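Some notes on the structure that comes next.
The values are calculated or read from the model by the stated rules, or taken from the named source; none is laboratory data. Bear in mind the structure is a predicted one, so any value in this text is a computation, not a measurement. Don't worry about glycine lacking a Cβ; one is built from the backbone with ideal geometry, like all the others, and counts go over all protein chains shown. For accessibility, only protein heavy atoms count, side chains too; no ligands or nucleic acids. Shrake-Rupley method; radii C 1.70, N 1.55, O 1.52, S 1.80 Å.
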Amino acid sequence: MSNFIESNRLYLLLGLAGAVTFLWLFLLRRRLRMKWYAALILSVASVVYGVFSVKAFAVLEGKPLTGGAMSLFGVVFLMPIALWLGAKISKRKTTEVFDIFTPCMIFAVACARVNCIFAGCCTGVIIPGHAPWRFPTREAELVFYAIFLAIIVPRVWKGKTRGEVYPLYMFTYGVVRAVLECFRTAETNSILHRSHIWAAISVIVGLCFYIEIRRRREKKRGAQA
């Protein structure tokens, strides 16, 4: 049994992500005006597209397609394209689609990071003077996901968000990742890695979209006053 779990660990984690996504979409299906089977189809599609995103971004970074190379920034930057297109094609409210799907995406990314722990990749550098102990960068990232979800899930569930969830995720993840990258192993000996560039872009894009959403909300309130 243990050999089966070890051999299929990533698939099991992706299956967990898909199951949680389906449950979340099923519970909120009325807000998205969809049938239960649509929630099932979208949960599978979301996981498949997520895998494609991390693989595609890894190739974009010059990593070999073989060997299980992945880049979680692929989900950060490519998932909004799918969500936006899906909302426009299905004629659903874009802010609602983004707010409801974002927690699912974050949970799936967290599952991918858990796989990193078991696979022994994406490790932190050795703590000076405390070898073989390393900085717990993967664990710290998982803590960030847990805190973000704990804060945002109740708000999304109660319908208290207006499209700001994904921009907030992009901004905060960019900040957290920029800090953690300073303590992660990389192909270069420099403290600055290629991922610092993606983190900076994530911070800037997330902040710009968040400010724009708040601006439009205030403008709408002013027009209604």
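Within the range 6-33, take every residue that is assigned to a loop (DSSP other than H, G, I, E, B) and in contact (Cβ under 8 Å) with a residue 40 or more places away in the chain and give me the one that is farthest from residue 118 (Cα to Cα). Walk me through how you get there before you give the answer.
If we filter the range 6-33 for residues that are assigned to a loop (DSSP other than H, G, I, E, B), which is where we start, we get 8, 28-33.
Next, only the ones that are in contact (Cβ under 8 Å) with a residue 40 or more places away in the chain stay: 28, 31-33.
Details: 28: 32, 31: 37, 32: 36, 33: 39 Å.
In this case the residue turns out to be 33.
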Residue check, residue 65 at pLDDT 95 or above and open to solvent by 80 Å² or more (accessible area, probe 1.4 Å): no
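Considering only residues of the range 102-146 that are polar (S, T, N, Q) and touching a strand residue (DSSP E or B) at 6+ places or on another chain (Cβ under 8 Å), which is modelled with the lowest pLDDT? Give the steps one after another, and end with the answer.
Let us first name the residues in the range 102-146 that are polar (S, T, N, Q), namely 102, 115, 123, 137.
Within this subset, residues satisfying the condition of being touching a strand residue (DSSP E or B) at 6+ places or on another chain (Cβ under 8 Å) are 123, 137.
On the way: 123: 89, 137: 94.
Among those residues, the one meeting the criterion is 123.
Filter the range 177-197 down to the residues that are assigned to a helix (DSSP H, G or I) and open to solvent by less than 50 Å² (accessible area, probe 1.4 Å) and list them by number. It would help to see each step written out before you state the result.
Initially, the range 177-197 is screened for residues assigned to a helix (DSSP H, G or I), giving 177-181, 194-197.
The answer is 177, 178, 180, 181, 195, 196.
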Search result, residues across the range 1-43 that are loosely packed, with under 13 Cβ neighbours inside 10 Å and of a type in the set (A, V, I, L, M, F, W, C): 1, 4, 5, 19, 27, 36
Candidates 206, 174, 163 - the one that is on the phi > 0 side of the Ramachandran plot and surrounded by 18 or more Cβ atoms within 10 Å (Cβ to Cβ): 163
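Anything in the range 65-83 that is assigned to a helix (DSSP H, G or I) and without any contact (Cβ under 8 Å) to a residue 12 or more places away in the chain? List them, or say none. Please lay out each step first, then the result.
Step one: of the range 65-83, the residues assigned to a helix (DSSP H, G or I) are 73-83.
Within the range 65-83, just 81 meets the criteria.
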Checklist (1) part of a loop (DSSP other than H, G, I, E, B); (2) under 30 Å from residue 194 (Cα atoms) applied to residue 45, failing item: (1)
Cross-chain or 6+ apart pairs with Cβ under 7 Å, the range 115-126 first and closer than 14 Å to residue 195 by Cβ and free of Cβ contacts under 8 Å to residues at least 60 places away in the same chain, then open to solvent by less than 50 Å² (accessible area, probe 1.4 Å) and not in a helix (DSSP H, G or I): 116/122
Count of the range 170-225 residues which are within 27 Å of residue 120 (Cβ to Cβ), out of contact with any strand residue (DSSP E or B) (no Cβ under 8 Å at 6 or more places or on another chain) and modelled with pLDDT under 85: 8
